[in-house]
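All remarks here apply to the structure that follows.
The values are calculated or read from the model by the stated rules, or taken from the named source; none is laboratory data. This structure is a prediction, so every number in the text was calculated from the model and none was measured. Neighbour counts run over all protein chains shown; Cβ positions are idealised from the backbone, glycine included. Each accessible area value is taken on the protein alone, full model and side chains, heavy atoms only, with ligands, DNA and RNA left out. Shrake-Rupley method; radii C 1.70, N 1.55, O 1.52, S 1.80 Å.
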Amino acid sequence: MKRALIIRHVPYEGVAGYRQPIEEAGYAIDRIDVADPAFKTLDLREPDLLIMMGGPMGVYEQDRHPWIACQLRRLRLRLEADRPTLGVCFGAQMIAAALGAEVFPGPVKEVGFHPVALQDSGTDSPLTHLVDVPVLHWHGDTFTRPEGVELLASSHLYEHQAFRRGQNLLALQFHAEMGEDERFHQWIEEWPESVCEAGGDEASLRAAHDAHGPGAVSAGRAMIRDWLGALH
């Protein structure tokens, strides 16, 4: 059986709604936290599929989180080998950094449910499932566009919302995996200031989650299902 490895940067950011299409595609899923002592010994080239999830840290905070530099070195080796890799939010920023882009704090917090707009390259990609579908955004960092990638989607606040390189690399700034996972409420409890800084409030965000969450996850699963089906 094929093996998928999920890297969790914090325990409350897991693969959530994407688990179903990954398992349906025939992968046995393993998970490791960056706090696990075994993490620093892993060869990230080995898994058939690598999934890197989100986290509140910044790629540029390597003094506070020494594992970031270690993970980036091993991630570069995987990307050089063109092994199937998916990055979500912080995971997408790590991919951008590994490809030579700059990651930095953006001008505003983007927190809430709203659609992404497809770029020309995105209209011929699995992201077509997300057209007109409000998905969850929760970030304050962004990145320059790495060389050699196709920009797939943007939002009204941030240009770089999704990119790919060939069939095997997909980076998503947004969270189309979230909408049916109880950890969403833990996010609000962990980062209430982010909701306020983005100009929202907790009650409205919870209501948006109830209204848009199932549709977002359904579209997100279809997107990942199509991406997995095209892997080389």
Calculated from DSSP helices alone, with each H run of at least 4 adding -39500 (n - 2.57) and the total divided by the residues of the chain, [θ]222 nm to the nearest 500 comes to -9500 deg cm²/dmol
What full-extension length gain, to one decimal in nm, is calculated for ASP43 and GLU61 as 0.36 nm per residue of separation minus the Cα-Cα distance?
4.2 nm
Residue-ordered couplings for the stretch 199-212, obtained by feeding phi - 60° into the Karplus form 6.51 cos²θ - 1.76 cosθ + 1.60 and rounding to whole Hz (Gly and Pro as x), are x, x, 9, 4, 4, 5, 5, 5, 5, 5, 4, 5, 6, 10
Roll a 1.4 Å probe over the protein heavy atoms and report the accessible area of LEU99 in Å², nearest 10.
40
Would you pull out the residues with amide H under 5 Å of VAL133's amide H, same chain only if 5 or more places away, H placed 1.01 Å from N?
VAL116
On a 1.4 Å probe surface of the protein chains, which of VAL15, VAL133 comes out largest in accessible area, and what is the full order?
VAL133, VAL15
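Which of rounded, prolate, oblate describes the stretch 56-136, given a ≥ b ≥ c as roots of the alpha-carbon gyration tensor eigenvalues and a/c under 1.5 marking rounded, otherwise prolate only if a/b is larger than b/c?
In terms of gyration-tensor shape, oblate.
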Candidate residues THR144, THR85, THR41: accessible-area rank, largest first, probe 1.4 Å
THR41, THR144, THR85
Sorted by accessible area (1.4 Å probe), largest first, how do MET1, MET178 line up?
MET1, MET178
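Counting only other residues whose beta carbon sits under 13 Å from that of THR85, what net charge do I get with K and R as +1, D and E as -1? All intermediate terms of the calculation are to be shown ahead of the outcome.
Working: positive: ARG45, ARG74, ARG76, ARG78, ARG83, ARG164, ARG165; negative: GLU46, ASP48, GLU80, ASP82.
That sum, taken over residues with Cβ under 13 Å, equals +3.
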Work out from phi, with θ = phi - 60° and the Karplus expression 6.51 cos²θ - 1.76 cosθ + 1.60, the ³J(HN,Hα) of each residue of the stretch 109-125, listed in order in whole Hz, and give x for Gly and Pro.
7, 10, 9, x, 9, 7, x, 9, 9, 6, 7, 4, 5, x, 6, 10, 8
Using alpha carbon centroids, what distance separates the stretch 138-197 and the stretch 104-130, in Å?
8
Just one of (i) 16.2, 46; (ii) 17.9, 55; (iii) 23.9, 78 is Rg and Dmax of the Cα atoms in Å calculated from these coordinates, so which is it?
(i)
Where in the stretch 148-189 is the amide nitrogen less than 13 Å from a point lying 7 Å along the Cα-to-Cβ axis of ARG206?
184-189
